[in-house]
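Step one of this worksheet: look at the structure below.
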């Protein structure tokens, strides 16, 4: 029995394995014109185009299999027509490939990494001390270096055991934090653009650890993390403020205590804020402040606000530099879920200085993974052959052996001649340098830019292997271009340009293009403020036709009446409640502002009739296109073989 049981279990496992294999992305679902369509390819396009309707039901799958088979047949025909070799189409595809590749490398590998990093950092507040050697925006290289040396000296003293706070008090050029021993208070990400290195040090240092020198737009910093806590995030509050009056210091305290007593007795916070708060900007809004996080308001105010336990709670009166406040918590704002946070921050991160820093890291990571290797001998021979003329328009590269300058793992080589071409085509870059600048350092900088460019190109060429979704998008776009061009030639242009074919189709199907019962409707405007005159026109319109009516009331010196005649179908709103008969009129309507009067009259009624080709042209072309499309698909099905793996289809269905 145990043996039989084991066999059954193995059989079940084999069936399960077979099912898993049948539904794997690499399994062939169908073959169209000799080209395999895998489960992964079909699944991608099916789910993308059906959205929430991609339920893998029998009806849904069968419908989309039919659509995708037709699509693949047309793509096969496009290739048979040689459209995949048309230079204009290939240029369009290359442009899209580069645009999409840039998006993948930068958005997926740079911006997304920054977004995730920022999200993780926003969960933590850091208490920081620092010592600053400030640098003015106009400082020259000598001044910057002098400050750096001064900062290094202080750093070495701390490393030798001097107390951080003591050094900060004596030497830090941030006077506010310096007098507190360097204590900068609590900070949280994201810091302003330009402070990414500062932020990195802040989150990477362990408690009590001292950083190496960190550069920011303010100057050189020595940093020390003194504490950390779960991030406070953001909060929205309202407040009532009574400003301190220097001439009567106790008045504000008395007033805030009085207001607090009213609140305790059930008074409405918003109403009391409007009536009593000295903060004019917020008083009219019931004291409401915009949502804020840490390090925005004075410490006492911040502490009191974040200490409130729940929405609707009020603080006791608290004192700040400007006076006394009562704070009401309106809402505690939690950090968004990551997908929402990412969507909100992507655009701003691209504008932040950290973007370029992260981009450099990504380039270095790509180089490392690609096996980048520089041929220093080739570079040195090139550098030694150059003169300061390389910084001018006149520069011409000396004859040097065209060896490999660098390689990506031996898979992709770049020769010296390619770098020289890059330098020649980037004259402005070379002109930025001064003739006194060291040639070797300048060329290394320019080579760095060239390597960055080629590294990104190398990564682009490998994206399809590393990102299946990129491969799917490129296939979708390439086949979309081919389908569009083939359909244009075989269906759309033919339908509009083939006059004989279009006429023949119309003649065979013209009863499909009928006018419903129509009326010739005249809209009359009587241009007068004389109501009696307008009524005379309206009365005469009952018996007179359009021509007679206009002749009667229009003279050379006075055009009293005008008419606009249109053919309208019976269901037209412009008919209103007019009886469906010739001669029927609408009511006379007089405009109170202009005095002008208007009314409608049915001049003639037409029975249902066939539209002319010109009248129905748009509809005929659309229907003719449908016929051409069906005929084309029929031809393609006869021309190409389609094989469907029914077993795989069955296992896809739910």
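The values are calculated or read from the model by the stated rules, or taken from the named source; none is laboratory data. Everything numeric in this text was worked out from a predicted model, so none of it was measured. With ideal geometry, Cβ positions are generated from the backbone for all residues, glycine too; neighbour counts draw on all protein chains shown.
Structural remarks
- Going through (1) surrounded by fewer than 13 Cβ atoms within 10 Å (Cβ to Cβ); (2) assigned to a loop (DSSP other than H, G, I, E, B); (3) within 34 Å of the chain's Cα centre (by Cα) one by one, residue 312 falls short only on (3).
- Scope the range 378-392; condition out of contact with any helix residue (DSSP H, G or I) (no Cβ under 8 Å at 6 or more places or on another chain) and in contact (Cβ under 8 Å) with a residue 12 or more places away in the chain; matching residues: 381, 385
- Checked against (1) farther than 24 Å from residue 270 by Cβ; (2) in contact with a helix residue (DSSP H, G or I) (Cβ under 6 Å, 6 or more places away or on another chain); (3) assigned to a loop (DSSP other than H, G, I, E, B), residue 359 passes all but condition (3).
Residue-by-condition table, conditions (1) more than 17 Å from residue 325 (Cα to Cα); (2) out of contact with any strand residue (DSSP E or B) (no Cβ under 8 Å at 6 or more places or on another chain); (3) modelled with pLDDT under 95:
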{"site": "163", "(1), (2), (3)": "yes, yes, no"}
{"site": "173", "(1), (2), (3)": "yes, no, no"}
{"site": "190", "(1), (2), (3)": "yes, yes, yes"}
{"site": "205", "(1), (2), (3)": "yes, no, no"}
{"site": "209", "(1), (2), (3)": "yes, no, no"}
{"site": "239", "(1), (2), (3)": "no, no, no"}
{"site": "242", "(1), (2), (3)": "no, no, no"}
{"site": "256", "(1), (2), (3)": "no, no, no"}
{"site": "262", "(1), (2), (3)": "no, yes, no"}
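- Residue within the range 547-563 that is part of a helix (DSSP H, G or I), in contact (Cβ under 8 Å) with a residue 60 or more places away in the chain and either touching a helix residue (DSSP H, G or I) at 6+ places or on another chain (Cβ under 9 Å) or surrounded by 16 or more Cβ atoms within 10 Å (Cβ to Cβ) (or both) present: no
- Residue within the range 576-595 that is crowded, with 16+ Cβ neighbours inside 10 Å, touching a residue at least 24 places away in the same chain (Cβ under 8 Å), outside any strand (DSSP E or B) and touching a helix residue (DSSP H, G or I) at 6+ places or on another chain (Cβ under 6 Å) present: yes
- Residue-level check: of (1) surrounded by 18 or more Cβ atoms within 10 Å (Cβ to Cβ); (2) not in a helix (DSSP H, G or I), residue 136 misses just (1).
- One residue stands out in the range 240-254 among those that are touching a helix residue (DSSP H, G or I) at 6+ places or on another chain (Cβ under 7 Å) and outside any loop (DSSP other than H, G, I, E, B): the one that is farthest from residue 310 (Cα to Cα), namely 245.
- Failed condition for residue 77, given (1) over 30 Å from the mean Cα position of the chain (by Cα); (2) under 30 Å from residue 223 (Cβ atoms); (3) part of a helix (DSSP H, G or I): (2)
- The set of residues from the range 528-543 being in a loop (DSSP other than H, G, I, E, B) and crowded, with 16+ Cβ neighbours inside 10 Å comprises 528, 541.
- Given (1) touching a strand residue (DSSP E or B) at 6+ places or on another chain (Cβ under 6 Å); (2) exposed (fewer than 12 other Cβ atoms within 10 Å of the Cβ), index of the condition residue 406 fails: (2)
- Residue 94 being surrounded by fewer than 16 Cβ atoms within 10 Å (Cβ to Cβ), modelled with pLDDT under 85 and under 30 Å from residue 189 (Cβ atoms): no
- When restricted to residues that are on the phi < 0 side of the Ramachandran plot and surrounded by fewer than 10 Cβ atoms within 10 Å (Cβ to Cβ), the range 80-90 contains 3.
- Per this entry, residue 449 is not counted among residues that are over 30 Å from residue 76 (Cα atoms) and modelled with pLDDT under 90.
- Flag if residue 344 is loosely packed, with under 15 Cβ neighbours inside 10 Å, under 37 Å from the mean Cα position of the chain (by Cα) and not in a strand (DSSP E or B): yes
- Positions within the range 192-235 being part of a strand (DSSP E or B), more than 14 Å from residue 127 (Cβ to Cβ) and more than 28 Å from the chain's Cα centre (by Cα), in sequence order: 210, 214, 215, 216, 219, 220, 221, 222
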